[in-house]
Structures are given as C-alpha cells and as structure tokens.
Amino acid sequence: MNILVCITSVPDTTSKISFSDNDTKFVSAGITFIIGPYDDYALARAVELKEAAGSGNITVFHVGEADSEPVIRKALAIGADDAVRVNSVAKDGYFVADQIAAYAKTKSFDLILMGKESIDFNSGIVHGLVGELLGIPSISPVMKLNINGNEATMEKEIEGGKETLQASLPLVLGCQEPIAEWKIPSMRGIMSARTKPLQVIEPTSFSSGLEFEKYELPTPRTNCKMISDSQVEELVTLLKSEAKVI
Amino acid sequence: MSVLIFLETTDNQIKKSSLEALVYGRTIASRSGGSVTAVVAGNPSNLSEAASHGASSVMQISDSRFSQNDTQAFAEALSEAANQKSASLIVMAKSVFSDSIVPKLSSIWKAGAATNVVSLPESDANFSVKRSIFTGKAFEAMKLTSERKIVSIKKNAVAVSLAPAAGEVVAFQPSVSSKAFSIRTVSTEKATGEILLSDAEIVVSGGRGLKGPENWGLVTDLAKVLGAATGCSKPVSDLHWRPHHEHVGQTGIKVSPNLYIAIGISGAIQHVAGISSSKVIVAINKDPEAPIFKAATYGIVGDAFDVVPKLTQALRNSL
C-alpha cells in the first residue's frame, strides 16, 4: 500500500495571531510551527495502516519554504518513509491542490490523506480539488478508516451523526479525529528521520481566481459585565432586554 | 448578476443557515437586478420560506438518490442548474456537507471559491469579501477574480429578513455522471430530535469545572429550558466525559450562536477561537482570573453547582 500524506505547517493552536506591514504580513516571530492537527491524525492513521499491512510506503508531501523542514522531519520521525517538499509559499488551496495532483500523477498512490482543513487559512477545499484533478473520489471529514484489499470502509461525519461508507481505492480523504491518536516520535524515529530522503521540487506554474488583499483582527469585546452570583435573575433580565437573545 | 443558492435541509426542513445564504445571494442579485434561484432536494415542509426570503424560482430535485447526500452528485447538479439559469454566483451555507461540495463544484463549474465568508462583496466588479481564518482568530479580505464565483457563508454572518418573491417551484432532474453515487452508504446514524450544535441559536457548554460526567445534568437541564444544543471543552471530550462530536473549539466544532453559555470552562485560546463569532457569551466560572471572562459579554464568578441550578430555575420562571 502506497500512501501520500499531505501536511501543512501551521502555528501551534495556543498561538496569538498578529500581523505587520499594514496588516498584509503574518508575524511568525515567536510562533512555534506544528504539523496541522488534522494532518497529524491522517499521518498517524497512515502509519497504523502500514504497520497492519506489514508493507507499503508512506510519502509526506508539503508545500512550503525551507524553514518548514523541521515539521517535515517530525513527520518522518513519526513513521513516514520519505518526503517531498515543493519549494514555494502555499499561495492558496488551488495552488496546493495543483502541486499535490501534479506529483501524484507521476506516482501511483492507493490513498492520498490529509487533514479536513488547515487551521491557518481554513479553506478546506484541497482534498476535494485533488480528487477532481486526479479523477478519483474524495471524501471528507473521515473519522474512521479501514482497508481490506482494494476496499476502504470509512466513517464520515454528517450533521448530527455519522455515516459508514465503502469505496474502492484509490481515494483522497480529508481526515479528522478520532481516526487515530496523535503519535509522539520515538528517539529511534527521530534518529532515523535525519537520514530519510527529502526531495525538494519546484512548483508547477499556476493561476488562481483568488487575490489576497489584507488581514484583520477581530474587534475585542468590550468589558465583560459582571453579575453577582446571588443575582442570577439580573442575568436573565439582561439577556432578555439588553442583549435580546432569549 | 444572477445568483443560485443551494438550500440544505435537515429533518425535512430548510436550515436557517441556508435562509441566511439565500438572503446573502438575494442582496447581491438585487444590486444589479439579476435573478435569484434556489435549489433544493426533497420536499421540505417549510419550502414556502424560499419564496418569502426572496427566491424568484425554486428548482426542486425529487430524484430519491439525492437523499443520500452524495457530494459529487450535488456538485454536478448545482453546476447544471447554474448553467441553466446563467448564474455567475453560487451561494451556500457553510456546513459539514457543503464543505465537500464546494471544491468539487469549483472544479466542475470552473469557478473560484471562497469558504467561511462573513461579509458581502464590495460590488459585483470588485468582489472583495472577508473570510474567517486562523479558526476564528482573524479575518482576511480577498478578492474573487474569476468570472464564476462560489461563496460559502459562515453561520450568523447575515441577518435573515423577509422579501417575498414569486418562488415558482419547478421540477429539476439533474443529469449526473457515472462518478456520482459511486460511494456506497452502508449505514447512517443520526440523532433525531436533538438540536444540532453547528446550527443552534443557543449553546450551553461545560468544562472540567463540572468535575465529572455524572454532573452533566446541570448543562442539559439549562439547555432544555433554553432550547439549546449542548457542547463541551476539549479536555472534557479527551477525558471521554462527553462524546467527541460535542467538542467546541479550534480543532472541534466552531459555533456562532446568538448566545453561548460557558460553564466551568477556563477559556483556553483554542476554545475561545471556536466561539469567538458568537453574538453574546456568558461565562460562569469560580476563578475570577479565568481568561474566559475576557471573551465574555456577561460573567458570573461563582460555583457552577450553586449558580447553574439557580439560573435554570430563574429562566424556567421567566420564559
């Protein structure tokens, strides 16, 4: 089984977000970058599937500049066999999908896994676009994945519940918990990751229908109005007549 | 510009968030006098709301295969409908279902797509919209420059208002490809009668301050009085006190209700990110320094085991 796992490098979930240059640049100073949390679930499941099958190969795919290599090395330490980095800023979801599809066309993957969305730009369109570009089905958000021969059985989240689905490989899947538990790299994994192959390729040409303009931070809420714990009736009155939400 | 709006249904009802999408699309169409067409599958009991909220026509899919919610089939159907109506914009409410339709439709219909949108475009020519990014921690303004455009709207970004239109219902039989319905649905589990967290007007959530799953009655009793959905913080779902699908936050469900009540939740930045677009936030926590009070509109410092039952009773008396 050959699995391609696409990962993003995103600010740690505890990060405070700020912008510079007239709100056109994200300030990365002081930010710790991690494997996208949803991508990390996808990677963990890929490692489990390979272990269960006893054979196969996991390739990690990332679009980003050289400073994201520690994140790629971490994915290799968790259990991927080799990695490909497209040497470019991830301009938008269309750009990333084009890069993944262009690479995947040159190989033959049974599964292309990624998170259901990145937690920085939250577009959530990459898995669907890759499926269309490759002409294979895409499913998201997948919460459980089992492979039997050429058949995949999946649990997919639907509103207010879940659905069990079956489809034949190859597939593109957007993943989320509880598909697997995040894996912490072992010392042996970290050592071996240093020598695993990491190929750097240049992006394919591309044009998108999107144009970034600027960032904006939400306006902070005005001071919280405190109510004494012995006056809960006052809260009811405020919700009714001031906030008008009940 | 002529606009097509996809109306999603749940429990045989057009969702309120889809009516928000309809109002969004109607507002853009009215700037230039374009047509407003709604597309719906099945026969929802509140179908007349499409007309009352401004749809000049409603394309109704009766093909029962569409009840499977196959995203490929819906993407192909919406593309065909938009071409029939010469629409240049397709609008839908952001949801776990539409999230998978948007990229497929973008590819099939050859349109640029913006998801998570919270504002109307500047104008038809300058289609600059604001999207929620960094999971609620920031926004970006971006322009759709493609000729055809797709927008998915974040819940509660649009105020719903009536604008009666003809809303003539026309049968629509999409001609889908062999790729549609290729994924087999083995079984479906769906809670019925429960209020959907992502679509709820009011959400009551509990955190570790509730000390254990046996105390969840505090949350559910309050939710019942308010007709609210229930949620929880990440530690609570990690501890398996509550199911994963109730986890509200950056890596869980993002909510934007009118009223969010956080009980015994300290307000970690990841939790606040998932609730930041709520209209009003009430925090109940015994620690006056808890960061949740910085995100809240109203706060009570006190013991949840004392305050929440009193609040539930006070609401019961007054609603």
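Values for this structure:
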| quantity | calculated |
| --- | --- |
| Filtered residue count, the stretch B:262-303, keeping only those that are facing chain A (nearest Cβ under 10 Å), within 18 Å of A:SER230 (Cα to Cα) and out of contact with any Cys (no Cβ under 6 Å at 6 or more places or on another chain) | 10 |
| Lone qualifier among B:GLY212, B:GLY252, B:GLY231 - being more than 10 Å from chain A (Cβ to nearest Cβ), crowded, with 17+ Cβ neighbours inside 10 Å and of a type outside the set (A, V, I, L, M) | B:GLY231 |
| Out of B:SER161, B:SER146, B:SER175, sole residue that is surrounded by 14 or more Cβ atoms within 10 Å (Cβ to Cβ), in contact (Cβ under 8 Å) with a residue 12 or more places away in the chain and not aliphatic (A, V, I, L, M) | B:SER146 |
| Hey, A:ILE139 without any contact (Cβ under 8 Å) to a residue 12 or more places away in the chain and within 20 Å of B:LYS94 (Cα to Cα) or not | no |
| Per-region count, the stretch A:5-44, residues hydroxyl-bearing (Ser, Thr, Tyr) and either surrounded by fewer than 16 Cβ atoms within 10 Å (Cβ to Cβ) or under 23 Å from A:ASN146 (Cβ atoms) (or both) | 7 |
| Qualifying residues in the stretch B:110-129 (those that are crowded, with 21+ Cβ neighbours inside 10 Å and not β-branched (Val, Ile, Thr)) - the one farthest from the other protein chains (Cβ to nearest Cβ) | B:PRO121 |
| Qualifying residue in the stretch B:57-68 (condition: under 21 Å from the mean Cα position of the chain (by Cα), modelled with pLDDT of 95 or more and under 24 Å from B:SER178 (Cα atoms)) | no |
| Selected residue [more than 14 Å from chain B (Cβ to nearest Cβ), hydrophobic (A, V, I, L, M, F, W, C) and within 23 Å of B:THR251 (Cα to Cα)] from A:VAL71, A:VAL89 | A:VAL71 |
| Residues that are out of contact with any Leu (no Cβ under 6 Å at 6 or more places or on another chain), among the hydrophobic types (A, V, I, L, M, F, W, C) and within 14 Å of another protein chain (Cβ to nearest Cβ), drawn from the stretch A:14-43 | A:ILE17, A:PHE19, A:PHE26, A:VAL27, A:ILE31, A:PHE33, A:ILE34, A:ILE35 |
| Some residue of the stretch B:133-151 being more than 11 Å from every other protein chain (Cβ to nearest Cβ) and either in a strand (DSSP E or B) or touching an Asp or Glu at 6+ places or on another chain (Cβ under 8 Å) (or both) | yes |
| All positions within the stretch A:190-246 that are of a type in the set (Ser, Thr, Tyr) and at the interface with chain B (Cβ under 9 Å from one of its Cβ atoms) | A:SER208, A:TYR215, A:THR222, A:SER228, A:SER230, A:THR237 |
| Hits in the stretch B:111-129 - residues which are among the hydrophobic types (A, V, I, L, M, F, W, C) and in contact (Cβ under 8 Å) with a residue 24 or more places away in the chain | B:ALA111, B:ALA113, B:ALA114, B:VAL117, B:VAL118, B:LEU120 |
| Residue that is nearest to the other protein chains (Cβ to nearest Cβ) [pool: residues in the stretch A:1-13 that are in a strand (DSSP E or B) and not aliphatic (A, V, I, L, M)] | A:PRO11 |
| Test: B:SER198 is at pLDDT below 95, closer than 30 Å to A:GLU132 by Cα and surrounded by fewer than 15 Cβ atoms within 10 Å (Cβ to Cβ) | no |
| Strands (runs of 3 or more DSSP E) contained entirely in the stretch A:80-175, each with at least 2 residues that are within 14 Å of the chain's Cα centre (by Cα) and surrounded by 23 or more Cβ atoms within 10 Å (Cβ to Cβ) | A:111-115, A:138-148, A:171-175 |
| 1 or more residues over 25 Å from B:ARG316 (Cα atoms): qualifying helices (runs of 4 or more DSSP H) within the stretch B:181-298 | B:234-238, B:269-275, B:292-295 |
| Inter-residue pairs, beta-carbon under 6 Å, first closer than 30 Å to A:ALA52 by Cβ and in the stretch A:1-30, second of a type in the set (A, V, I, L, M, F, W, C) and modelled with pLDDT under 95, 6+ apart | A:MET1/A:ALA53; A:VAL10/A:ILE119 |
| Residue match in the stretch B:117-125 (condition: under 19 Å from the mean Cα position of the chain (by Cα), within 19 Å of A:SER208 (Cα to Cα) and of a type in the set (A, V, I, L, M, F, W, C)) | yes |
| Leading residue by the ranking (modelled with the highest pLDDT) among those in the stretch A:200-215 that are in a loop (DSSP other than H, G, I, E, B) and loosely packed, with under 14 Cβ neighbours inside 10 Å | A:GLU202 |
| Residues satisfying the stated conditions in the stretch A:8-63, i.e. β-branched (Val, Ile, Thr), touching a helix residue (DSSP H, G or I) at 6+ places or on another chain (Cβ under 7 Å) and under 18 Å from A:ASP110 (Cβ atoms) | A:VAL47, A:ILE58, A:VAL60 |
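The values are calculated or read from the model by the stated rules, or taken from the named source; none is laboratory data. Keep in mind that what you see is a predicted model, and the values were worked out from it rather than measured. Neighbour counts run over all protein chains shown; Cβ positions are idealised from the backbone, glycine included.
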